[in-house]
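What follows is a single structure, and I will ask about it in a moment.
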Amino acid sequence: MQAAGLSSELVPQLFAQDLVEIPPTLNEDLLDLYGRSQQVLAGRFAFLNHTEELGEQFDWEQNASSAWRRELHSFDFGLDLALTYRISREERYAGQLRYLIAHWIAENPPGLGTGWEELPLSRRIRNWILCADLARDAWSEDFDFHAVFSHSLALQTVFLPRLAG
C-alpha cells in the first residue's frame, strides 16, 4: 500500500547508513565513568585503594598519606566530571567541577603544599585544560569563575618550569 502524496525522498532518514557497531565494553566504561562521577558528587574520593569522604569545606592537606594527597591535587576526578557533563549535559557535574576548582584555588596559595609539587601540578594543569574544553559551554556565562580559573591556570603554568629547572 502506498501513502498518497508521499515518496521515499520525503521520508526523513532516521538512522545513518554508515552506522558502526558500538563496542560492548562501552556500556561498562560509561557505567564506571558515571559511578566515579557520582562518588565525587557525594564527596567521596578514592585513590590508592583508600577512600575518604570529604565534606564541602575540606582541607586539601588533611590526608596523612602524601601519595594520596598528590592524587587528590592532580584532579583526575575533574576529567570524570567534565566527561560526564559533556555526555549527559547535566549541569550538576559541571557545577561540582567548577566548585572544586574554585575551592582548590581558594585553599591552596601559590607555591605552598602538595598541590604545588611538580607531579600534581603538571597533571592538574593538563586536567584543567581538558576540563575547560569539555565544560566550556557550561562555564561560558560565569565570567567571575572564568577569570579566577584563567588566572590560576596561568600562574600554575608559569610556576611549573621553575620546579623542573
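What follows is calculated from the coordinates using simple rules that are stated; it is not laboratory data. Nothing here was measured: the structure is a model prediction, and the numbers come from that model. Counting neighbours? That spans all protein chains shown, and the Cβs are built from the backbone with ideal geometry, glycine included.
Where does region 37-106 land on Rg(C-alpha)/(2.2 N^0.38 Å)? Before the final figure, lay out each step's value.
Details: Rg = 11.8 Å, N = 70, 2.2 N^0.38 = 11.1 Å.
My calculation over the Cα atoms of region 37-106 gives 1.07.
Can you tell me the FRET efficiency between residue 87 and residue 46 if r is taken as the Cβ-Cβ distance and R0 is 22 Å, rounded to the nearest 0.05?
That gives a FRET efficiency of 0.55.
Something else now. Between residue 34 and residue 140, how many nm apart are label points set 7 Å from Cα along the C-beta direction?
My value for the distance between the label points is 2.6 nm.
Here's something else I'd like to know. Return the distance in nm (one decimal) between the two label points of a simple spin-label model at residue 163 and residue 118, each offset 7 Å from Cα along Cα→Cβ.
Spacing of the two 7 Å Cα→Cβ label points: 0.9 nm.
Taking one equal scatterer on every alpha-carbon of region 81-140, how large is log10 of I(q)/I(0) by Debye at q = 0.27 1/Å?
-1.09
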